[in-house]
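First the structure, in the form of structure tokens, and then the observations on it.
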Amino acid sequence: MAAKLLILLFFSFPFLLQFRFSAGQTPVRAAYWAADSQYPVSSIDSTLFTHLFCAFADLNTQTNRVTVASANQARFSSFTSTVQSKNPNVKTLLSIGGGNSPPAAFAAMASQASSRKSFIDSSISLARSYNFHGLDLDWEYPSSQTEMTSFGSLLTEWRTALNNESTVTGKPKLLLSAALFRNSDYYTVLYPITAIRNSLDWINVMAYDFYGPGWSTVTGPPAALYNPGTQVSGDYGIRSWIQSGIPANKLALGFPFYGYAWTLVNPNNNGLFAPSSGAAITPQGDVSYGQIRAFIAQNGPSEVYNATVVSNYCYKNTTWIGYDDTQSIKAKVIYVKQNALLGYFAWHVGADDNWTLSKTASQTWGS
């Protein structure tokens with residue numbers, strides 16, 4: 001009997017290690033809410049998420065303080081109480097920056113200790129006054145080694161300030177995350193791995209915007225999980241972060257709740273990487289998942305799921321759209337679980353179609 005027990009424990013040991021490794025960690029099943037989308041905060045189905053990001057607070061370039069635009073103050077200040085009315089356990093984070101924020105402003109702020117302090121102190125004050133559970137930085141992107149060094153200093157000092165504030169006030173420590181580039185380097189400029197590992201609770205890996213009509217002359221999978229023969233994929237990015245020294249359990253894989261629409265040069269050449277003449281549907285080609293489902297309902301295009309790259313696309317005449325549908329989202333959540341990542345996040349809740357993608361992700365995680 002004892003021998004059988006020893007054998008059972010031996011073969012169960014990897015499982016026990018995995019359980020011990022993950023026990024006590026809160027998985028991240030998250031999404032951003034974008035103020036610019038005008039999607040009502042009260043309409044968010046927060047039961048589908050563990051964390052929600054309120055985006056975006058701004059950096060005042062004159063004072064280096066974190067501010068919220070006057071038009072957003074009412075929604076931001078009530079964000080936590082609103083989403084917790086449906087899910088009292090959901091955690092909220094105030095996200096700062098975003099793709100429309102000038103990266104030079106963040107570089108200037110992060111370059112000096114005094115301006116970093118102004119930024120950090122104001123961020124903590126704002127998060128506490130609005131009852132957020134954490135802070136998130138979306139600086140797109142530090143693009144030189146000097147800026148990466150400054151970025152590392154900012155994170156290190158931010159973590160110290162968060163620890164000190166919690167000690168002094170007796171309040172639970174604020175969470176700290178950052179939305180970072182798909183790889184551990186930004187076009188060969190290396191991120192400050194030690195500072196990231198020691199300072200952030202987790203990284204939101206922006207594994208999307210790989211192909212779009214604004215920068216690619218061929219159709220492509222905007223958020224390919226795999227992309228054989230290239231380094232442009234979510235899997236490559238995740239592996240680059242792990243190989244650089246970031247633990248898998250500090251990584252959340254990003255999903256886009258939007259896609260890109262191209263105009264085909266030849267409607268008969270309508271697969272992946274087909275020549276295009278520019279954007280379709282919108283000036284930049286960016287279309288929400290809700291818009292994509294409406295296009296499908298109204299036009300009856302051919303729909304394709306490509307399991308090799310893990311991406312969906314549809315086409316009708318000269319219009320070609322690449323996006324993530326339920327098949328892609330399910331495969332990506334399975335990938336997250338199989339690779340013991342911390343979780344996933346989506347940009348953004350207002351782009352979903354009646355919570356189709358959000359429910360697919362949540363149900364796949366729970367299955």
Take the range 110-124 and flag every residue that is polar (S, T, N, Q) and part of a helix (DSSP H, G or I).
Ser114, Ser115, Ser118, Ser122, Ser123
For the range 259-367, list the strands (runs of 3 or more DSSP E) that sit wholly inside it and hold at least 1 residues that are at negative phi and aliphatic (A, V, I, L, M); which are they?
276-279, 286-288, 302-306, 319-323, 343-347
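Rundown of residues vs (1) at pLDDT 95 or above; (2) farther than 30 Å from Thr26 by Cβ, yes/no style:
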| site | (1), (2) |
| --- | --- |
| Lys250 | yes, no |
| Val265 | yes, yes |
| Pro301 | yes, yes |
| Gln327 | yes, no |
| Tyr335 | yes, no |
| Tyr344 | yes, no |
| Trp347 | yes, no |
| Thr360 | yes, no |
| Ser367 | no, no |
Answer with yes or no whether Trp202 is under 14 Å from the mean Cα position of the chain (by Cα), crowded, with 19+ Cβ neighbours inside 10 Å and not small (Gly, Ala, Ser).
yes
State all residues of the range 290-310 that are closer than 28 Å to Tyr236 by Cα and out of contact with any strand residue (DSSP E or B) (no Cβ under 6 Å at 6 or more places or on another chain); if no residue qualifies, say none.
Asn306, Ala307, Thr308, Val309, Val310
Do we find a residue being touching a Gly at 6+ places or on another chain (Cβ under 6 Å) and either surrounded by fewer than 20 Cβ atoms within 10 Å (Cβ to Cβ) or closer than 20 Å to Lys330 by Cα (or both) anywhere in the range 280-295?
yes
Among the residues of the range 160-197, what is the count of those that are over 20 Å from the mean Cα position of the chain (by Cα), in contact (Cβ under 8 Å) with a residue 40 or more places away in the chain and closer than 30 Å to Phe210 by Cβ?
2
Check the range 110-118 and report whether any residue there is over 21 Å from Cys54 (Cα atoms), among the basic types (Lys, Arg) and buried (at least 16 other Cβ atoms within 10 Å of the Cβ).
yes
Between Ala161, Ala71, Ala107, Ala127, which is in a helix (DSSP H, G or I), exposed (fewer than 14 other Cβ atoms within 10 Å of the Cβ) and on the phi < 0 side of the Ramachandran plot?
Ala71
Residue identified as touching a helix residue (DSSP H, G or I) at 6+ places or on another chain (Cβ under 8 Å) and in a strand (DSSP E or B) among Leu253, Leu225:
Leu253
List pairs: first residue in the range 40-52 and among the small types (Gly, Ala, Ser), second residue surrounded by fewer than 21 Cβ atoms within 10 Å (Cβ to Cβ) and not in a loop (DSSP other than H, G, I, E, B) anywhere in the structure, Cβ distance under 8 angstrom, at least six positions apart or on different chains.
Ser42/Thr82; Ser46/Gln84
Can you work out which of the residues in the range 275-306 that are touching a Leu at 6+ places or on another chain (Cβ under 8 Å) and in contact (Cβ under 8 Å) with a residue 60 or more places away in the chain is nearest to Thr326 (Cα to Cα)?
Tyr289
Every pair of residues 6+ apart whose Cβ atoms lie under 6 Å, when the first sits in the range 222-235 and is over 17 Å from Ala307 (Cβ atoms) and in contact (Cβ under 8 Å) with a residue 24 or more places away in the chain while the second is among the small types (Gly, Ala, Ser) and in a loop (DSSP other than H, G, I, E, B):
none
For residues in the range 334-363 being more than 29 Å from Gln38 (Cβ to Cβ) and over 15 Å from the mean Cα position of the chain (by Cα), which is surrounded by the most Cβ atoms within 10 Å (Cβ to Cβ)?
Tyr335
Out of the range 164-196, which residues are in a loop (DSSP other than H, G, I, E, B) and over 22 Å from Lys91 (Cα atoms)?
Phe181, Arg182, Asn183, Ser184, Tyr187, Thr188, Tyr191, Pro192
Residues of the range 147-179 being within 24 Å of Trp347 (Cβ to Cβ) and in contact with a helix residue (DSSP H, G or I) (Cβ under 8 Å, 6 or more places away or on another chain), in sequence order, are Glu147, Phe151, Leu154, Leu155, Trp158, Leu174, Leu176, Ala178
For the range 308-326, name all the residues that are under 15 Å from Ser277 (Cβ atoms) and not hydrophobic (A, V, I, L, M, F, W, C).
Tyr315, Asn317, Thr318, Thr319
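A quick yes/no check of all residues on (1) closer than 22 Å to Thr169 by Cβ; (2) of a type in the set (Asp, Glu); (3) out of contact with any strand residue (DSSP E or B) (no Cβ under 8 Å at 6 or more places or on another chain):
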| position | (1), (2), (3) |
| --- | --- |
| Asn60 | no, no, no |
| Pro102 | no, no, yes |
| Phe106 | no, no, no |
| Asp121 | yes, yes, yes |
| Ser125 | yes, no, yes |
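The values are calculated or read from the model by the stated rules, or taken from the named source; none is laboratory data. Computed from a predicted structure; not experimentally measured. Cβ sites come from the backbone with ideal geometry, for glycine too, and all protein chains shown count toward neighbours.
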